[in-house]
1. For A168, indicate whether it is more than 30 Å from S276 (Cα to Cα) and either open to solvent by less than 80 Å² (accessible area, probe 1.4 Å) or not in a strand (DSSP E or B) (or both).
2. For the list (1) surrounded by fewer than 24 Cβ atoms within 10 Å (Cβ to Cβ); (2) farther than 30 Å from G285 by Cα; (3) at pLDDT below 95, I need the number of the one condition that L132 fails.
3. Could you check segment 102-120 and list, in sequence order, the residues that are within 12 Å of the ligand (Cβ to nearest atom) and either at negative phi or surrounded by fewer than 24 Cβ atoms within 10 Å (Cβ to Cβ) (or both)?
4. Would you please name the residue that is farthest from the chain's Cα centre (by Cα), looking only at residues in segment 285-295 that are surrounded by 13 or more Cβ atoms within 10 Å (Cβ to Cβ) and more than 16 Å from E269 (Cβ to Cβ)?
5. Could you check, for segment 181-197, whether at least one of its residues is touching a Ser or Thr at 6+ places or on another chain (Cβ under 9 Å), among the acidic types (D, E) and loosely packed, with under 15 Cβ neighbours inside 10 Å?
6. Can you tell which of F81, F123 is crowded, with 20+ Cβ neighbours inside 10 Å, among the hydrophobic types (A, V, I, L, M, F, W, C) and more than 9 Å from the ligand (Cβ to nearest atom)?
7. Could you give me the residue pairs with C-beta distances under 6 Å whose first residue belongs to segment 271-295 and is touching a residue at least 24 places away in the same chain (Cβ under 8 Å), whose second residue is of a type outside the set (D, E, K, R) and in a loop (DSSP other than H, G, I, E, B) wherever it lies, and which are 6+ apart or on separate chains?
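The values are calculated or read from the model by the stated rules, or taken from the named source; none is laboratory data. Please read these numbers as outputs of a predicted model, since none were measured by experiment. So basically every Cβ, Gly included, is an ideal-geometry build from the backbone, and we count neighbours across all protein chains shown. Areas reflect the complete protein model, heavy atoms only, side chains present, ligands, DNA and RNA absent. Shrake-Rupley method; radii C 1.70, N 1.55, O 1.52, S 1.80 Å.
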Amino acid sequence: MKNNIGLEVRANGKVNLYLDVLSRADDGFHSIKSIMQSVSLCDRMIVSAARSSKTEIRICCDVPYVPCDERNIAHKAAAKFLEKCGIQAEVDISLHKRIPVSGGMAGGSTDAAGTLRALNKLFGGAMPNDELYKIAASLGSDIPFCLMGKTALCEGRGEILTPLENRAKLLFLIVPSSESVSTPWAYGELDRIFGDFSGRDNEARFNALCTALASGDVHGVCDNMYNIFEDAILPERPIARRAKELLKENGAIGAMMSGSGPTVFGIFESEETRASAAAVLKENGYYPKTAESII
Ligand code: ATP
């Protein structure tokens with residue numbers, strides 16, 4: 001069967017509304033507890049595939065510093081999918097990046113999830129859902145969440161998922177930063193500050209956040225958001241720190257860093273206050289992006 005139809009895919013980014021580290025094993029493995037939230041800010045992908053005598057995967061991307069060869073996580077996802085299905089094919093992936101790269105918003109992970117979804121559709125559902133999740137988890141710990149989307153509790157390395165009830169429609173202003181953060185360095189900083197992560201108790205805050213999400217209480221969500229990485233990263237990253245201050249000074253009811261940063265986001269009560277905060281951030285040299293939660 002020949003299959004060469006191009007599929008357009010929206011690959012949504014995520015923010016962490018809650019991110020804690022529970023423990024660190026001797027092998028360096030950090031056990032996390034996180035609430036991830038899909039947002040409407042997305043990469044646009046066009047994926048096409050045709051069976052062939054030899055597998056070839058081609059990627060093009062509108063951002064010059066994202067690799068287009070085997071290093072691209074969408075390439076890895078396509079290769080793994082074809083291998084597991086025993087299919088040889090020519091695959092073309094065109095990537096229009098909108099999610100900040102290396103920003104703590106799972107930009108690469110969501111492209112990998114989008115690739116898996118698209119190829120499975122193009123090849124007539126060749127891969128059962130549970131197998132697709134297994135491939136996702138083998139490629140990276142945020143990828144299973146990107147496949148599932150919406151709102152979920154993510155545990156283990158992030159790959160153990162429980163969907164969460166959520167009625168809170170959140171209006172975000174997302175502010176990328178030019179400062180880079182390496183995830184291994186960020187975890188090293190956490191180890192330095194928190195040791196073996198024992199003696200900490202965020203249970204009440206976590207439960208209050210879950211209750212606020214379930215009842216659609218946006219203020220309750222903002223009051224109980226948490227990201228353990230903020231204490232390690234923001235003191236070292238003045239541009240991201242200033243963005244968070246500006247969000248708070250200009251009407252955000254909550255503001256926080258996403259993942260290991262440096263992207264920060266604000267949550268607003270109305271589109272009007274969000275628009276005026278966006279104008280102030282632009283005056284200060286930032287490039288804020290609006291987004292909504294996908295629930
Ligand atoms: P996470 O939130 O999952 O930790 P991130 O948003 O911080 O991820 P990414 O945008 O996924 O980070 O990029 C991390 C690195 O992966 C970059 O160095 C980038 O060059 C590389 N990369 C590989 N494939 C992609 C892709 N499809 N999109 C963006 N970056 C990619």
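1. Numbers: more than 30 Å from S276 (Cα to Cα): no; either open to solvent by less than 80 Å² (accessible area, probe 1.4 Å) or not in a strand (DSSP E or B) (or both): yes.
Considered against the rule, which asks whether it is more than 30 Å from S276 (Cα to Cα) and either open to solvent by less than 80 Å² (accessible area, probe 1.4 Å) or not in a strand (DSSP E or B) (or both), A168 comes out as no.
2. (3)
3. S102, G103, M105, G107, G108, S109, T110, D111, A112, A113, G114, T115
4. Y286
5. Checking segment 181-197: at least one residue is touching a Ser or Thr at 6+ places or on another chain (Cβ under 9 Å), among the acidic types (D, E) and loosely packed, with under 15 Cβ neighbours inside 10 Å.
6. From the options F81, F123, the qualifying one is F81.
7. Filtered contacts from segment 271-295: A277/N250; A277/G251; A278/P288; V280/N250; L281/P288; S293/L170; I295/N166.
So that you can scan it fast, the table gives a plain yes or no per residue for (1) touching a His at 6+ places or on another chain (Cβ under 7 Å); (2) assigned to a strand (DSSP E or B); (3) open to solvent by less than 50 Å² (accessible area, probe 1.4 Å):
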site	(1), (2), (3)
V221	no, no, yes
D231	no, no, no
P235	no, no, no
R241	no, no, no
G261	no, no, yes
G266	no, yes, yes
